[in-house]
Every structure is written in C-alpha cells, then in structure tokens.
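Asks: Pasting in a structure now, in structure tokens, and then I'll have a few things to ask.
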Amino acid sequence: MFSDLLQERAKGSDSFWAPYINSLPQVYGNMPIFFNDEMLAHLKGSFTLAKIRERIESLKAEYDNICAHVPALMKDFTHADFVWARLAVITRIFGLVIRGVKTDGLVAYADMLNHKKPRDAQDTDTRWTFDDAVSQSTQPPSPFNLHVGTARIKF
C-alpha cells in the first residue's frame, strides 16, 4: 500500500488521488521516531526509548530490504519518502470487507473522523458502514466519533 501511495504522490496533480494525498500530513512530528532530544529526555528510564530505536531500525531495515529485492520499485524514492508513506498508511489504515473479502485500505474522509471511546457507531455484528454512521450520528454541529481498531467498513 505504501508503494501505491508513493507512486501516486510522485504523479503530483496528475494523480486522481492528488487531493487526498495533499490532505495528508507532510510531516509526522508527533510520531516518537521524530522526537528531538529534549522530548526523548522525558522518556528516560522507560522502555519507550528502546521501542523508538527499534522502530527506527526496523523502518531502515524494511527500506533496505525492499531496495535490495525490488530496486526498480524504490529507485525514485528515498528512505524519508518511504518512512512518510509507511506512517501515512499505519496511521490511517482501515479494515475493509469488499464483496465478502477482508482486506485493508486507505479510505478518503474516513481518516478525518474523530477518535474516541465510546464510539458513536455501535458495531454489534463486526460490520460497519458509512450508512450506519449517518443513521447513528448525533445532529450537527455535534462531532461524530469512531473508535479505531473496532470498525470494519463494508462495501
């Protein structure tokens, strides 16, 4: 999924997905792998510092592995490009059911929902649709809330 995102971003305004891609953060400064020394100092003594180092190393290893095995795919993309795309995916991925098949995907607009427990969309049978959201949503201007990790969108 990250490779599709990178390839579409490289097309610029020629990409059908350009408006969505342009709405994504260009920088993920709130992600711990980008914390500066001052912020990291607050985590001294916690296991979090080791987890951050592990994530940085695993992203580098993943990038290097892809470059080694599929060089044509990554020839136009830097490690920073790769990290941006991976973070875009992992922070926005949704579980989907398409024609009865479970998969994952990026869903334009769905990643703009507020995240909160308890969520407004109740998922009693592990299926959720945008129609459910509309029918269960509170009246405007109240926000609609979704708890990530429990919703599976069906098409």
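Asks: Does any residue in region 64-84 that is at negative phi come within less than 8 Å, Cβ to Cβ, of a residue that is aromatic (Phe, Trp, Tyr) and in a helix (DSSP H, G or I) six or more places away or on a different chain, and which pairs are these?
Replies: These pairs meet every condition: Ile66/Phe82; Met74/Tyr63; Met74/Phe82; His79/Tyr63; Phe82/Phe2; Phe82/Tyr63; Val83/Tyr63.
Asks: Can you confirm whether Glu62 is exposed (fewer than 13 other Cβ atoms within 10 Å of the Cβ), within 24 Å of Gln26 (Cα to Cα) and at pLDDT 90 or above?
Replies: On the way: exposed (fewer than 13 other Cβ atoms within 10 Å of the Cβ): no; within 24 Å of Gln26 (Cα to Cα): yes; at pLDDT 90 or above: yes.
Considered against the rule, which asks whether it is exposed (fewer than 13 other Cβ atoms within 10 Å of the Cβ), within 24 Å of Gln26 (Cα to Cα) and at pLDDT 90 or above, Glu62 comes out as no.
Asks: Can you confirm whether Asp81 is under 19 Å from Tyr28 (Cβ atoms) and at pLDDT below 80? Lay out the reasoning, then the answer.
Replies: Details: under 19 Å from Tyr28 (Cβ atoms): yes; at pLDDT below 80: no.
Against the criterion (under 19 Å from Tyr28 (Cβ atoms) and at pLDDT below 80), Asp81 does not qualify.
Asks: Filter region 84-107 down to the residues that are within 24 Å of Leu24 (Cα to Cα) and of a type in the set (Lys, Arg) and list them by number.
Replies: Arg86, Arg92
Asks: Still on this structure, please answer the following. Are there helices (runs of 4 or more DSSP H) fully within region 1-45 with at least 1 residues that are surrounded by 10 or more Cβ atoms within 10 Å (Cβ to Cβ), modelled with pLDDT of 95 or more and of a type outside the set (A, V, I, L, M)? List them.
Replies: Values: elements: 2-10, 18-23, 37-41.
Helices (runs of 4 or more DSSP H) meeting the threshold: 2-10.
The values are calculated or read from the model by the stated rules, or taken from the named source; none is laboratory data. Bear in mind the structure is a predicted one, so any value in this text is a computation, not a measurement. Please note: Cβ atoms are built from the backbone with ideal geometry, for glycine as well, and neighbour counts cover all protein chains shown.
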